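If you scroll down you'll find the structure; I have some questions about it.
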Amino acid sequence: MKTILIIGAGSAIAQETARLFAKDGFSFYLSDLSGERLKIIADDLIAYGAKNVFYQEMDANNFEQHQAILNDAINKLKRIDFVLIAYGTLPNQEQILNDTLLIAKEFSTNATSVILLSSLIANYFEKIGDGRLAVISSVAGDRGRQSNYIYGSAKGAVSLFLQGLRNRFGPTNIKIITIKPCLVDTPMTAHLSKYFLYTKPEQIGIGIYNAINKGKDVVYLPFYWRCIMTLIKLIPERIFKKMRL
Amino acid sequence: MNKYEDYLSWGRYPRLYPKGVINFHWINEQLGMEDINGTILPYAYGKSYGDSCLNDNGTLIDTKRLNHIVSFDRKNSILKCEAGITIDKILKLIVPENYFLPVTPGTKHISIGGAIANDVHGKNHHIAGTFGCYINELELLRSDGEKIICNNEQNKEFFSATIGGMGLTGIITKAEFKLKKIQSQYIDTEYIKFDNIDEFFEINKESEANFEYTVAWIDCSFKYGSNTRGIYIRGNHIDTKPDKWNSKQEMMIPVPFELSLINLFTINAFNTLYYNMQISKLARKLTHYNSFFYPLDCVTDWYKAYGKKGFLQYQFVIPFENGKFALSEILKVIYESGKKSFMTVLKTFGDIKSPGLMSFPRKGITLAIDFSMDGPDTFKLLDELDEIVRSVGGGLYPAKDARMKPEDFKRFYPQWVNFAKFIDPKFSSSFWRRVTK
C-alpha cells in the first residue's frame, strides 16, 4: 500500500494530482485551511479509487501545529511514502507594498511555513531511509520582477531551500522534487485575465504525478517553460532592470 | 476586446456580454446571490450554440470548479457528482472501469449541469430517451440560499422543471444519475451510403430495431431535396473483454484564432470528400468511443473556423406524419437558397418520454444544420424553414437557437407558462427574455 500526505489539498492543482494517485489506490492524509472542503475532497478521492482518506484542518502559519499534524499522518498512514506541499497565496503586490505586516504574512505562507514543514518531513524521510517530497514552487521564483517580487522572492527561497535538501540527500533514496508551474487557470489566478499561455490544472496535475513517480529533481510545467526561464535568466541585469515585467 | 470574451456561446453569435461573472469555487460557499443586482444565470463551458447560456448585462455564475464526485456506487452503477464536472472528466473515471453514460451528446466538453438543463439527447434516443430519463436526484440552489432536493417523489415539479429548464430554475449543484455497464470502449460501427431520403428511412427502420446508436450524415455539397445523399452510421458496444485502457493523450488540433476557413468551397470539398472516401455501399469497423461519439472534439475551438461573425445552428424536430415530405421541402429550400451547411446531421427520435417539462426531443425526425452568420440572408432562410416546421407541428431546440421568434417558441412549447412558475425570481437569460417578449 502506498501513501501520500498532501498539505494544501484544496488547491486545484493538488486535487488534480491527488485524483491520479487515487486511481492507483493510494491512501491519503490531507490537510488544508477548511475542514468542510477536505470532506468534499475526501469523498471525491474515495470515488476515484483511494483506499483510505484521512484529513485534518490546519493553518500552515501556525508553526506549532506542524509536528502534531505530521505525527498524526504517520500514525494514521503507518508510513508516508510521498508528500506534496501545494498551498500558496498570490498577493496583489501593489496592495501590500506599504504594509510590512502583510508582506511578512505572505512570506510566512509562501516561504517560512513551507521551509519548516519541509524540514520536518526531510527528517522523517531520513529516519525511514526513503520518501519523496514534492513542493510547488513557481517560475516566479527564478528571477525577481517588479510586478511580483514579494511572491517571487518567497518562491525563490523555497526553490533554493529544496535545492539544498536535494544536495543533502543526493546519494540516498530520498527524492526532493521542485515543481515550477507557470500560469495556471486556478482560483489563485481567478482575478487575472487569461491568455494563451495559461494551462489547465489537469495538465499540471499529470506533470506532478509523473514527476513524483519518476523521482525528478526540478520540473517546469509545462516543460517548455524551462527554455523560457533559461532565456529570461540570461538577460543581463543592466538590461533586465529597465524592462517592464 | 471585452474582458468576458470567454463567456460567449459556442456559435459566437450573438456576442452578448454579462456585466459580471462570479466564480463558484466550492459547493459549500455562500454566493450571496440575494445581494446581486440584476439577473443571474449559471454558466459552465458555454457550449450551447445561441443565447440560452448568455445573460447580457446580468451576472453569470461560473460553475466549472464544482467538479467533485460525491460518490461512485460501482455495484449499482450510480454516480453522484457536483454539476460543474465535464462529461470528459466523468468518462476518464468510469470508462476504464467499464461503465458509460446512458446518453451522451456529441461533445464531451460540457458540464453535467448543462446536460441536465438542456436535457441532451444522443445517438440512442430511439431506445434510450434523453439524459434526463436517467437522473435519480438533483440538488438545486435558489437565489435566496434555499437548497431544494428534488426527484421523482420529492419536489417533483421542480425536478421536472429543472430537466430541460435551461438553467432558469436555480443553480443545479449536484446530480445523481444511472450509468450503464459496457464491456469494451469500442463500438462495432457500420457505415451505409444512401442516395435518397426514401432509402434513409428504409435503412433507419431496420437499424433502429438492431442498433443502439444510429445517426446519419448528409452530404450538403450534393443535390438537396428527395435526392439527398449521405452516410448512415449505426453501431453497438462490443461484448468482448476490454483491451487495456489506452491512456494515450488524444490528438488535439487547435484552431488558433478566428479565421474564416468555412466557405462554399471548403464545405463542398469536405462533404464531397467525406462521401467519396467510402467506396463500397457498406463499410464496417471497430471505432473507439471517442471518435464514434465525439468526432469533432479533436478540433479544439472549431467555432473559430467560422470567423468573427460566428455561425447559427438550426435543429428542429418534425413528427413522422408528413415528416418525409416536410424534410424534403426543407432540404429543397436550403438547396435553392445557395447556402450550405458544413455538417448536417439527421436522426429520428423515439417516443420515450423525458421527465423534463421543457424537453426538446419528441417522436419524429430531427435535423441539425449549421450556417455561417451572414446577416439578413441567413435569417431569411431560417424564417422560411420555420414556416415549414410550424406547418407540420414541429419544434426548435433552444440550446441551438439564437433567433427563434417569440410566437414560435410559445407555439412549440405551450407549457412555458406553467414552467415560468418554477423560474427563480432572480434568474433569467438572454434567450428567455427574447422568446417571452
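The numbers here are math on the coordinates, done by the rules we state, and not lab data. Quick caveat, the model's predicted, so the values are computed rather than measured. Virtual Cβ from ideal backbone geometry, glycine too; neighbours counted across all protein chains shown.
Defining a contact as two alpha carbons under 8 Å apart and six or more residues distant in sequence, what relative contact order in percent does chain B show?
Working: 976 pairs, mean separation 85.7, N = 437.
Once normalised by length, the contact order is 20 percent.
Something else: Nearest 5 is fine: what % of DSSP beta bridges in the stretch B:41-124 come out antiparallel, could you say? Write down the numbers at each step before the final one.
Working: 5 of 8 bridges.
Bridges in the stretch B:41-124 that DSSP calls antiparallel: roughly 60 percent.
To the nearest µm²/s, what D does Stokes-Einstein give for the stretch B:1-47 at 25 °C and 0.890 mPa s, using the Kirkwood radius over alpha carbon pairs as Rh?
It comes out at roughly 198 µm²/s.
Starting from 0.36 nm per residue, how many nanometres of slack lie between B:K437 and B:S71 once their C-alpha separation is accounted for? Show your work: numbers first, answer last.
Working: separation 366, 0.36 × 366 = 131.76 nm, distance 4.21 nm.
Length gained between B:K437 and B:S71: 127.6 nm.
Please provide three numbers in whole Å: the alpha-carbon extents of chain A along the principal axes, with the largest listed first.
Extents along the principal axes, in whole Å: 53, 41, 36.
Let me ask another. Once fully extended, how much extra length lies between B:K147 and B:L296, figured as 0.36 nm per residue of separation less the alpha-carbon to alpha-carbon distance? Spell out each step's value before the answer.
Values: separation 149, 0.36 × 149 = 53.64 nm, distance 3.67 nm.
Gain on extension, B:K147 to B:L296, equals 50.0 nm.
Considering the stretch A:89-146, what Rg and Dmax in Å follow from its alpha-carbon atoms?
Reported Rg and Dmax, both Å: 14.9, 45.
Still on this structure: Over the stretch A:1-57, what portion of Cα pair distances is larger than 18 Å, expressed as a whole percent? The partial results should precede the final answer.
On the way: 241 of 1596 pairs.
Of the Cα pairs, 15 percent sit more than 18 Å apart.
Something else about it: Given the protein assembly as shown, report the % of alpha carbon pairs whose separation exceeds 39 Å. Write down the numbers at each step before the final one.
On the way: 89485 of 232221 pairs.
For the protein assembly as shown, the share of Cα pairs beyond 39 Å comes to 39 percent.
Label-point separation (nm) for B:N196 and B:D383, each offset 7 Å from Cα along Cα-to-Cβ?
3.4
Compute the distance in nm between two label points, each set 7 Å from the Cα along the Cα-to-Cβ direction, one at A:D130 and one at B:F320.
Going from the A:D130 label point to the B:F320 one covers 6.5 nm.
If amide H atoms are built 1.01 Å from N in the plane of the peptide, which residues on other chains or at least 5 residues away come under 5 Å of the amide H of B:T39?
Placed amide hydrogens put B:T59 under 5 Å from B:T39.
Follow-up question, since we're still on this one. Please state the relative contact order of the stretch B:161-230 as a whole percent: Cα pairs under 8 Å, 6+ residues apart?
Details: 36 pairs, mean separation 20.0, N = 70.
Contact order relative to length: 29 percent.
With the contact rule set at Cα under 8 Å and sequence spacing of 6 or more, what percent relative contact order holds for the stretch A:84-149? Mind showing how you got there, number by number?
Numbers: 32 pairs, mean separation 30.2, N = 66.
For the stretch A:84-149, the relative contact order is 46 percent.
Taking the Cβ of B:P414 as the center, what net charge do the other residues with Cβ under 14 Å away carry, scoring Lys and Arg +1 and Asp and Glu -1?
Working: positive: B:R362, B:R390, B:K410, B:R411; negative: B:E407, B:D408.
Local net charge: +2.
Calculate how large, on average over all directions, the projected area of the Cα convex hull of the stretch B:299-437 is; give the answer in nm² to one decimal.
Working: hull surface 38.9 nm².
Averaged projected hull area, Cα only: 9.7 nm².
Then there's this: With a bin width of 10 angstrom, please list the P(r) values of chain B as percents of all Cα-Cα pairs, from the 0 bin to the one holding the largest distance.
It works out to 4, 21, 33, 28, 12, 1, 0, in whole percents.
Only residues of the stretch A:133-153 count here: report those whose backbone N is under 20 Å from the spot 7 Å along Cα→Cβ of A:F169, or say none.
Inside the label zone: A:133-138.
When DSSP beta bridges are limited to those with both residues in chain B, what percentage is antiparallel, rounded to the nearest 5? Please report the intermediate quantities before stating the final value.
Details: 63 of 74 bridges.
Around 85 percent of the beta bridges assigned by DSSP in chain B are antiparallel ones.
Please report the antiparallel percentage of DSSP beta bridges with both residues in the protein assembly as shown, rounded to the nearest 5.
Numbers: 63 of 102 bridges.
Roughly 60 percent of the DSSP beta bridges within the protein assembly as shown come out antiparallel.
Grab the other residues whose beta carbon is less than 12 angstrom from that of B:K174, score K and R as +1, D and E as -1, and report the net. List each step's numbers first, then the result.
Values: positive: B:K80, B:K147; negative: A:D43, B:E82, B:E137, B:E139, B:E176.
Around B:K174, the surrounding residues sum to -3.
Now, a different point. Long-range amide H contacts for B:F316: which residues qualify at under 5 Å (H placed 1.01 Å from N, peptide plane, sequence gap of 5 or more or a different chain)?
B:L367
Further question: Along the charge dipole of chain B, which of B:T344, B:N263, B:N204 sits closest to the positive end, that is, farthest toward it, with unit charges on the beta carbon of Lys, Arg, Asp and Glu (+1, +1, -1, -1)?
B:N263
Can you work out D for the stretch B:1-124 in µm² s⁻¹ from Stokes-Einstein, where Rh is the Kirkwood radius over C-alpha pairs, the temperature is 37 °C and the viscosity is 0.692 mPa s?
Stokes-Einstein gives a translational diffusion coefficient of 210 µm²/s.
What number, rounded to the nearest 500 deg cm²/dmol, is the helix-based mean residue ellipticity at 222 nm of chain B, given -39500 (n - 2.57) per DSSP H run of at least four residues and division by all its residues?
Numbers: 12 runs with 107 residues, N = 437.
That comes out to -7000 deg cm²/dmol.
Quick query: amide H of B:E137 versus all other amide H atoms, modeled in the peptide plane; which residues come in under 5 Å with a sequence gap of 5 or more or a different chain?
So B:E137 has HN proximity to B:E176.
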